[in-house]
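Encoded as structure tokens, the structure appears first; notes follow it.
The values are calculated or read from the model by the stated rules, or taken from the named source; none is laboratory data. Here the structure is a predicted model, which is why all the values come from computation and not from measurement. No Cβ is skipped: glycine too gets one built from the backbone with ideal geometry, and neighbour counts run over all protein chains shown. Quick note on the areas: whole protein, heavy atoms, side chains included, nothing else; ligands and nucleic acids left out. Shrake-Rupley method; radii C 1.70, N 1.55, O 1.52, S 1.80 Å.
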Amino acid sequence: MSVAVLDIRFSSSLMAMFLLAVAEEEGNPTLSSAQLAERMDTNASLVRKLLIPLARAELVVCTKGRAGGARLARPAEEITLAEIYRCSTGDKPLWNCRSGDEHDCRIATNAQSYFAELTAEAERAVLGALGDRTLADGVRELRRLDGEGNPGGDGAGLRGVASSDRS
């Protein structure tokens, strides 16, 4: 029996983008891959791999060197979650169809076509939901959740999350 591997590229890319959006709001818009990795509890190499498609899609701008790092390429209000999803997952479908030889069974013969149509419909629904949300909407929602999780909290717990002290 094979083990399913969960794809975390979208959630990881989204987290990096949230951190960059908060950093932008705080006036320190550039974060190094090491800073992002520390806040994401991962390694800088993975962060750099996540940033490549985001940079290609012109969602982030990356600069090399000692004072380099990543920053948003445009305001968080102008970046949709669908854009982040599309560039972080590439052409990989939402689900993969079970492969196997078609044989003399009407179910097996048509199951792959049905599943492909179902996957395309689900993908359109996902992109529709993500297309209606911006990165800034997500940051506001994180602040709301932070305020609910901290009695008396106002979402201020997200401040300083993306501070620019170089590590």
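Looking at the range 20-27, is at least one residue open to solvent by 40 Å² or more (accessible area, probe 1.4 Å), of a type outside the set (V, I, T) and not in a helix (DSSP H, G or I)?
Within the range 20-27, the first condition is being open to solvent by 40 Å² or more (accessible area, probe 1.4 Å), and the residues that meet it are 24-27.
Filter again for of a type outside the set (V, I, T), leaving 24-27.
When the remaining residues are screened for being not in a helix (DSSP H, G or I), the result is 26-27.
The answer is yes; a qualifying residue exists.
Within the set L46, L50, the sole residue that is among the aliphatic types (A, V, I, L, M) and open to solvent by less than 20 Å² (accessible area, probe 1.4 Å) turns out to be L50. All but one of (1) under 24 Å from R140 (Cα atoms); (2) in contact with a Ser or Thr (Cβ under 8 Å, 6 or more places away or on another chain) hold for A44; state the number of the condition that does not hold. Going through the list (1) under 24 Å from R140 (Cα atoms); (2) in contact with a Ser or Thr (Cβ under 8 Å, 6 or more places away or on another chain), A44 breaks only (1). Pairing residues of the range 114-129 that are surrounded by 11 or more Cβ atoms within 10 Å (Cβ to Cβ) with residues that are assigned to a helix (DSSP H, G or I) and of a type in the set (A, V, I, L, M, F, W, C), at Cβ distances under 8 Å and at least 6 apart in sequence or on separate chains, gives L127/A82. Kindly indicate the residue of the range 53-70 that is at pLDDT 95 or above and not in a strand (DSSP E or B) and also most open to solvent (accessible area, probe 1.4 Å) among those meeting that condition. Ranking the candidates gives R56 first. None of E58, E121, E117 is closer than 21 Å to V139 by Cα and among the acidic types (D, E) except E58.
When you check L127 against the structure, is it over 18 Å from the mean Cα position of the chain (by Cα) and at pLDDT 90 or above, yes or no? Even if it seems obvious, please write down each step before you answer.
Values: over 18 Å from the mean Cα position of the chain (by Cα): no; at pLDDT 90 or above: yes.
Considered against the rule, which asks whether it is over 18 Å from the mean Cα position of the chain (by Cα) and at pLDDT 90 or above, L127 comes out as no.
Within the range 15-73, the set of residues being closer than 28 Å to D146 by Cα and polar (S, T, N, Q) comprises N28, T30, S32, S33, Q35, T42, N43.
The single condition among (1) open to solvent by 10 Å² or more (accessible area, probe 1.4 Å); (2) outside any loop (DSSP other than H, G, I, E, B); (3) closer than 24 Å to L130 by Cβ; (4) not aromatic (F, W, Y) that A34 does not meet is (3).
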